[in-house]
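A short write-up of the structure that comes next.
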Amino acid sequence: MANEIQLNRAKEKIKILPFEHRARYSETDQQGVIHHSNYFKWMEDARMNLLEQIGLGYKQMEAMEIMLPTISESIEYYNAVKFDDIVVINTKLISYDGRKMEIAYRIYDKETGEDSAVARSSHCVVNKSGIPISLKRIYPELETKFFEFR
């Protein structure tokens, strides 16, 4: 059923595993480094991974008619990523109020540990029609899951 919620039932605090990505040749630019636009795609992949790990993947949210459109993104670049490098992306929910959430990202080289970029994204919670909703009011059981995770 679309309105049923199945969440991971961890007794202890959820430990979020980082997302890893191997840089593809098709992501490079003429200078041989990963084009900056790809970092936003990686952030989305990492965000989807994050939500899956807390037990609320995009597919499940869509079945529940919950959407999380991006309302802002920012990124600071430190070191270039090149073809075949493996980057690790740590994600952290830094704010959540039932209507909006903000996620921080640390993107770094798996081999060296050097930061490639740090970023943030903000998202609002809307229904399938694009109307803002409150998870606290509609799905209070999700509210506790987000606070448990933070």
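The values are calculated or read from the model by the stated rules, or taken from the named source; none is laboratory data. Small disclaimer: the values here were computed from a predicted structure and weren't measured. Glycine also receives a Cβ, built like all others from the backbone with ideal geometry; neighbour counts cover every protein chain displayed. Calculation scope for accessible area: heavy atoms of the full protein, side chains included, ligands and nucleic acids excluded. Shrake-Rupley method; radii C 1.70, N 1.55, O 1.52, S 1.80 Å.
Restricting the chymotrypsin sites (Phe, Trp or Tyr not before Pro) of the stretch 67-150 to loop positions (DSSP other than H, G, I, E, B) with no more than 13 neighbouring Cβ atoms within 10 Å leaves Tyr78. Estimated purely from DSSP H runs of n ≥ 4, each contributing -39500 (n - 2.57), the mean residue ellipticity at 222 nm for the chain is -7000 deg cm²/dmol once divided by its residues. Rolling a 1.4 angstrom probe over the protein heavy atoms with all chains in place gives the stretch 20-150 an accessible area of 54 Å² per residue. Enter the angle in degrees (range 0 to 90, nearest 10) between the Cα long axis of helix 37-53 and the first principal axis of the Cα atoms of the chain, meaning the one along which they spread out most. Between helix and principal axis, roughly 40 degrees. Principal-axis analysis of the Cα atoms of the chain puts helix 140-149 at an angle of about 40° to the longest axis. Eigenvalues of the alpha-carbon gyration tensor of the stretch 71-150, scaled by 5 and square-rooted, set the equivalent ellipsoid semi-axes at 32, 14, 10 angstrom, largest first. When the convex hull of its Cα atoms is viewed from all sides, the stretch 29-109 shows a mean projected area of 6.3 nm².
Once you reduce the stretch 76-115 and the stretch 19-44 to the center of their Cα atoms, the two points are 13 Å from each other.
Normalise the Debye intensity by I(0) for the stretch 5-143, one equal point scatterer per Cα, no solvent, then take log10 at q = 0.14, 0.18 Å⁻¹ and round to two decimals. So the normalised log intensities are -0.70, -1.03.
For the chain, carbon and sulfur atoms together expose 48% of the accessible surface, with a 1.4 angstrom probe and every protein chain in place. Each peptide in 54-63, 22-31 gets a packing score, the mean of other Cβ atoms within 10 Å over its residues, and the list from highest to lowest is 54-63, 22-31. Full extension of the chain between Tyr78 and Lys128 yields a length gain of 14.3 nm, computed as 0.36 nm times the residue separation minus the alpha carbon distance.
Taking 15 Å as the straight-line reach from the Cα of Lys128, the aspartates and glutamates in range (excluding those fewer than 8 positions away in the same chain) are Glu62, Glu65. Spherically averaged projected area of the convex hull of Cα atoms, the stretch 77-123: 3.5 nm².
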